[in-house]
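Report on the structure given below.
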Amino acid sequence: YYYYVRRILIRPLGTLHHAAIGLVESKMEGLSDFRVEVNTGDELEDLAHSFQYMVAELNEYIRNLSRVTAEKERIGAELDVARHIQASMLPCIFPAFPERHEFDIYASMTPAKEVGGDFYDFFKLPHGKIGVVIGDVSGKGIPAAILMALCQTKLRYIAMSGKSPAQTLCLLNSEMVHAMRSDMFITIIYLVIDPESGEAKFARAGHEPPLLARADSDEAAQPLKSSGMALGMVSEELFDEVMEDASFKMNSGDVLVLYTDGLTEAANPEGGEFTAKKLAQTISTLRSRNANDLNDEIIKSVESFMGPGNKYGDDLTLLTVKKI
């Protein structure tokens, strides 16, 4: 009787026991050679077959997981390269125009993902003027980043013709509208500044109005409005019809802030947003700072509002211009 129990019950159970221990000790490596041999012709043999099937499924799962992990690492490396390429397309050397002492300009862009659809730019124009741009492509990630790069490149080229901001954006829209998907659009502000006189002219294609804080006023920064629609949303005829230029003058100590909605829509743990009103008050409080410090302090205010550990829900871009 003892021999029977040992052969029929105890030995097969011992085999399964050692197989389970071997599976754990293998740390899921070398499972293709893993075998469980139990030939009792009863439920124990069925259990061994189930164990062997489980090992085969684990082996396939591990192979698939290894492939997925390798693919994610490859995509991550490519996105890291894309992030560096995108960052290199944005001006990042400050002061922006060392030879000009009339204006102080500083800007930053923080993507919500590895790459984003926000962008900013500033460049020299004919007749000693300066072009300043901020834009926001709908959506995030690689599609938005590609469209952002295309928009930035085309805008620089068109701007060199010296046309007004509204005319420039009309030409840009006609170039971009055919390259965009029907579910995508771009909001943008294009500003032309005469550094010597402080005279400025801008056009706004559906973007958040820039905020201007006067040095001689204690009021919160005021929005500068003009009519216009986002690029790619309507026909070229309608876009051209509603687009207009707006003018203003910056005096010594005045501060102009251009931003994307990722800043004003940044949320705290309770779901409240930073808002344009809070941004305007923050600008007025900090308007005595230089452009770099003012830019950094605004972002710190936003991050403090969001609370520790909270991530941006959208790309955040901020461009500050101060008249010296």
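For this structure, a couple of remarks:
- Phi angles across region 231-240 convert, under the Karplus curve 6.51 cos²θ - 1.76 cosθ + 1.60 with θ = phi - 60°, into 3J(HN,Hα) values of 5, x, 9, 10, 5, 4, 5, 5, 4, 4 Hz, Gly and Pro given as x.
- For region 310-320, Karplus couplings with θ = phi - 60° (6.51, -1.76, 1.60), whole Hz, Gly/Pro x: 7, 9, 5, x, 8, 4, 10, 10, 9, 10, 10
- When peptides 236-245, 188-197, 98-107 are sorted by average Cβ neighbour count within 10 Å, with the highest value leading, the order is 188-197, 98-107, 236-245.
- Over the chain, dividing the summed -39,500 (n - 2.57) contributions of all DSSP H runs of at least 4 residues by the number of residues returns a 222 nm mean residue ellipticity of -13500 deg cm²/dmol.
- On Cα atoms only, tilt of 43-89 relative to the major axis of the chain in degrees: 20 degrees
- Overall, the anisotropy analysis places region 86-185 in the oblate class: the square-rooted eigenvalues a ≥ b ≥ c of its C-alpha gyration tensor yield a/c not less than 1.5, with a/b not exceeding b/c.
- Straight-distance candidates among the lysines for linking to LYS154, with alpha-carbon spacing under 29 Å and chain neighbours fewer than 8 residues away dropped: LYS113, LYS124, LYS129, LYS140, LYS163, LYS201, LYS225, LYS249, LYS322, LYS323.
- Cα-based shape type of region 173-324, given that a ≥ b ≥ c are square roots of the gyration tensor eigenvalues and the cut on a/c is 1.5: oblate
- Environment charge at PRO91 (Cβ cut-off 12 Å; Lys +1, Arg +1, Asp -1, Glu -1): +1
- Couplings for region 249-259, taken from phi via the Karplus curve 6.51 cos²θ - 1.76 cosθ + 1.60 with θ = phi - 60°, read 10, 9, 9, 4, x, 5, 10, 10, 10, 10, 8 Hz in order; Gly and Pro are left as x.
- Taking the chain as a Gaussian network of alpha-carbon nodes connected by springs under 10 Å, the highest mean-square fluctuation of the residues ASN59, ASN268, ASN292 belongs to ASN59.
- Percent accessible area from carbon and sulfur atoms, the chain, protein chains only, probe 1.4 Å: 54 percent
- Options [x] 19.7, 56; [y] 30.7, 110; [z] 22.0, 70 - which one matches Rg and Dmax of the Cα atoms in Å as calculated here: [y]
- Relative contact order, whole percent, for region 196-300 stands at 30, derived from Cα pairs under 8 Å and 6 or more residues apart.
- Accessible area per residue (1.4 Å probe, heavy atoms of protein chains only) ranks ARG289, ARG67 as ARG67, ARG289, with the largest value leading.
- A full extension of the chain between ARG74 and MET54 corresponds to an added length of 4.2 nm, given 0.36 nm per residue minus the alpha carbon distance.
- Residues whose placed amide H lies under 5 Å from that of HIS207, excluding near-sequence neighbours: ILE188
- Of all aspartates and glutamates in the structure, those lying under 16 Å Cα to Cα from LYS311, and not within fewer than 8 positions of it along the same chain, are GLU114, ASP261, GLU265, GLU270, GLU273, GLU303.
- Approximate spin-label separation ILE85-LYS300, in nm, with each point projected 7 Å along Cα-to-Cβ: 3.6 nm
- For region 131-289, the relative contact order works out to 23 percent when only alpha carbon pairs closer than 8 Å and six or more residues apart are counted.
The values are calculated or read from the model by the stated rules, or taken from the named source; none is laboratory data. These figures come from a predicted structure and were not determined experimentally. Cβ coordinates were reconstructed from backbone atoms using ideal geometry, including for glycine residues, and neighbour counts include every protein chain displayed. For the accessible areas, the whole protein counts, side chains as well, though only heavy atoms, and no ligand, DNA or RNA atoms are used. Shrake-Rupley method; radii C 1.70, N 1.55, O 1.52, S 1.80 Å.
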